[in-house]
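Note sheet for the following structure.
The values are calculated or read from the model by the stated rules, or taken from the named source; none is laboratory data. Please read these numbers as outputs of a predicted model, since none were measured by experiment. Positions of Cβ are backbone-derived with ideal geometry, glycine not excepted, and every protein chain shown enters the neighbour counts. Heavy atoms of the whole protein, side chains included, go into the accessibility calculation; ligands, DNA and RNA do not. Shrake-Rupley method; radii C 1.70, N 1.55, O 1.52, S 1.80 Å.
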Amino acid sequence: MENPVIILGAKGIAHPALEIFNSNQVIVYGLLDEDESLHSTEINNVPVLGHPEDDGFLKLIGKKTEAFVAVDDSKYRKFLVEMLHEKRKVQPVNAIHQRAYISTDAEIGHGNFINAQVTVGAGAKVGSHCIFHTGAIIDHQTKIEDFVQIGAGSIINAEVTIEEGAFIGSGVTIVTGVTIGKGARVGAGSVVISSVGKNETVFGNPAAKVK
């Protein structure tokens, strides 16, 4: 990547995303965050410049810099991604840790956060704007749609489908062939042995619907 990056967001995954870009010798121009108390502060010597919707900073993106959206909340992340599409006609770049393993025939979209020790297996298909925390395993032939978040140490076994916007907590195991519906949530440490419906929340071993 030749151009510097502006990171939208200065909390949550922003700090590890900054570390990923630094370790890949990518210059981070600055961060943008809606929390005004963070403006004019620094994270690891990189300044928090202002608000992510400030046109003065946005106009740099697409010409002189790339963008990465480092926001944990999927609704706000989606809003910022759409804003970049509309105002700057750009796709956010991926932040992929040097110690992640991506199979040579896996497919990966744009704007994903893939932290250290993440494995993406053969034939897996990953959409865009997903968050994979440290040590998550995405096994072969798995399909992950856009805006999915997978917690640290979770194991997503072969041929699983995780639909758009689903949230998988830390330490979850999802067995082969299961589908996790759009917007569903799986609590930390759960073992999922059957499919989870749209917007359902499940928890436990075996995972059961939370009413």
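With the biggest extent put first, the Cα atoms of the chain measure 49, 39, 30 Å across the principal axes. Placing a label point 7 Å from the Cα of residue 64 along the Cα-to-Cβ direction, the residues of segment 1-26 whose backbone N falls under 17 Å of that point are 2-8. In a simple Cβ point-charge model (Lys, Arg +1; Asp, Glu -1; nothing else charged), segment 58-141 has a dipole of about 520 debye relative to its Cα centre. Simple point charges give the picture: +1 on the Cβ of Lys and Arg, -1 on the Cβ of Asp and Glu, and for the chain a dipole about the Cα centre of about 380 debye.
Say R0 is 30 Å: what FRET efficiency, to the nearest 0.05, do residue 36 and residue 188 get from their beta-carbon distance? Mind dumping the intermediate values first?
Details: r = 32 Å, r/R0 = 1.07.
So the FRET efficiency works out to roughly 0.40.
Here the label points at residue 22 and residue 88, each 7 Å from Cα along the C-beta direction, are separated by 2.1 nm in the simple model.
Ligands, DNA and RNA left out, the 1.4 Å accessible surface of segment 20-113 is 47% carbon and sulfur atoms.
Between 0 and 90 degrees, the angle of helix 74-88 with respect to the longest Cα principal axis of the chain falls at about 40 degrees. Take every pair of alpha-carbon atoms less than 8 Å apart whose residues are at least six positions apart; their mean separation over the length of the chain yields a relative contact order of 11 percent.
Could you compute the net charge surrounding residue 141? Neighbours are other residues with a C-beta less than 12 Å from the C-beta of residue 141; K and R count +1, D and E count -1. Mind dumping the intermediate values first?
Details: positive: 125, 143; negative: 105, 107, 139, 159.
Net charge in that neighbourhood comes out at -2.
Select from 14, 184, 49 the residue farthest towards the positive end of the dipole of the chain; place +1 on Cβ of Lys and Arg, -1 on Cβ of Asp and Glu, and compute about the Cα centre. It is 184. With one equal scatterer per alpha carbon and no solvent term, the Debye-computed log10 I(q)/I(0) for segment 48-121 at 0.16, 0.17, 0.19, 0.20 1/Å reads -0.65, -0.72, -0.85, -0.91.
Roughly what angle does helix 14-23 make with the longest principal axis of the chain, taking Cα atoms, 0 to 90 degrees, to the nearest 10? Its long axis makes an angle of about 80 degrees.
Projecting the Cα atoms of 203, 151, 172 onto the charge dipole of segment 132-211 (Cβ charges, centred on the Cα centre) puts 203 farthest toward the positive pole. Under the convention that each Lys and Arg Cβ holds +1 and each Asp and Glu Cβ holds -1, the size of the dipole of segment 6-107 around its Cα centre is about 340 debye.
Rolling a 1.4 angstrom probe over the protein heavy atoms with all chains in place gives segment 1-149 an accessible area of 47 Å² per residue.
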